[in-house]
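These notes are about the structure you will find just below.
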Amino acid sequence: MLPQGVAIDSRTGIVSPSTTVYEKRLSEFRGVYSDTAALDALIASKGDLVTYTVSERKDPGTDIFFGTTVMQPGRVGEEYFMTRGHFHARRDRGEIYYTQSGEGLLLLQSRDGEIRTVEMKPGVCASIPPDWGHRSINTGTEPLVFVWCCNQDAGHDYAEIATRGMRQLVVQRGGMTAYVANPKYEA
Ligand SMILES: [Fe+2]
C-alpha cells in the first residue's frame, strides 16, 4: 500500500474512490424501531426507503479503515431515523465519528447500561471509547453526513442491542427532541 488521498464530499458523503458501498432500507429494521405498526405504515405509504448509505474505504496492508455514513432525515412514528447500533466484537477497539453536515445525536451505552450522548454537528469529532455501544440518529431535516474511522479488526457485535435495543429512545414530541425510556430494554 502507498500513501494516498481519498476525496470525501461533505454534503453527499461520497467517498472517491471507495471499496464498498451499501444501503440500509426500512424493511431491514423490523424490531429495531419501537413502533412496528408505524414502520409498516411508512413502508406502505412511502415504499421501502433507504434510510442510510455507508461508503467504505478499506485497504489491505494497514490496520485502520474509514468511510462515511449518510443518514436520511425522517421518523418511524416518533422515533428518528437511526442506525442499528452496535458494540465492537473486539472490546479494546474504539472509533471516531466526525460530522461533516447535518445534525444529530450519537447515543452511546456502556455494557452495564450507562447512557451518554454526543451532539453531532459539523466540526465535532466524537470519540467512542472501546466497549461502548453506539448508534447515530438524525434529529434534523437534512441528511446527516459523518466520517468514521476505526480498526479493521474491530468487528461488529449487533446481538446485545438487537435483543432489547438501547436503554433510551430518541423521539420527536411536540416538535422537540426528547429522550424516553425504552420499555423493551427494561422488560
Ligand atoms: Fe462502530
Which ones in region 91-110 are assigned to a loop (DSSP other than H, G, I, E, B) and in contact (Cβ under 8 Å) with a residue 40 or more places away in the chain? ARG91, ARG93, GLY94, GLY102, GLU103
Residues to consider are ILE128, ILE115; find the one that is over 20 Å from SER34 (Cβ atoms) and not polar (S, T, N, Q). ILE128
If I filter region 148-164 down to residues being modelled with pLDDT under 95 and small (Gly, Ala, Ser), which single residue comes out as farthest from the chain's Cα centre (by Cα)? ALA159
The condition of being within 13 Å of the ligand (Cβ to nearest atom) and either over 24 Å from GLY13 (Cβ atoms) or in contact (Cβ under 8 Å) with a residue 24 or more places away in the chain (or both) holds, among THR69, THR141, only for THR69
ARG135 - would you say it is in a loop (DSSP other than H, G, I, E, B) and within 11 Å of the ligand (Cβ to nearest atom)? no
From PRO3, PRO73, residue being assigned to a loop (DSSP other than H, G, I, E, B) and touching a Phe, Trp or Tyr at 6+ places or on another chain (Cβ under 8 Å): PRO73
Flag for THR62 being modelled with pLDDT of 95 or more, among the hydroxyl-bearing types (Ser, Thr, Tyr), away from the ligand (no atom under 16 Å from the Cβ) and loosely packed, with under 13 Cβ neighbours inside 10 Å: yes
Which condition number does GLU23 fail, the rest of (1) in contact (Cβ under 8 Å) with a residue 12 or more places away in the chain; (2) assigned to a loop (DSSP other than H, G, I, E, B); (3) away from the ligand (no atom under 16 Å from the Cβ) being met? (2)
Selected residue [surrounded by fewer than 20 Cβ atoms within 10 Å (Cβ to Cβ), among the β-branched types (Val, Ile, Thr), part of a strand (DSSP E or B) and modelled with pLDDT of 95 or more] from VAL170, VAL118, VAL145: VAL118
Any residue that is in contact with a Gly (Cβ under 6 Å, 6 or more places away or on another chain) and either away from the ligand (no atom under 16 Å from the Cβ) or without any contact (Cβ under 8 Å) to a residue 40 or more places away in the chain (or both) - is there at least one of those in region 155-169? yes
The one condition ASP35 fails out of (1) out of contact with any strand residue (DSSP E or B) (no Cβ under 9 Å at 6 or more places or on another chain); (2) without any contact (Cβ under 8 Å) to a residue 60 or more places away in the chain is (1)
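The values are calculated or read from the model by the stated rules, or taken from the named source; none is laboratory data. Predicted model, so just to flag it, every value in this text is computed and none were measured. Please note: Cβ atoms are built from the backbone with ideal geometry, for glycine as well, and neighbour counts cover all protein chains shown.
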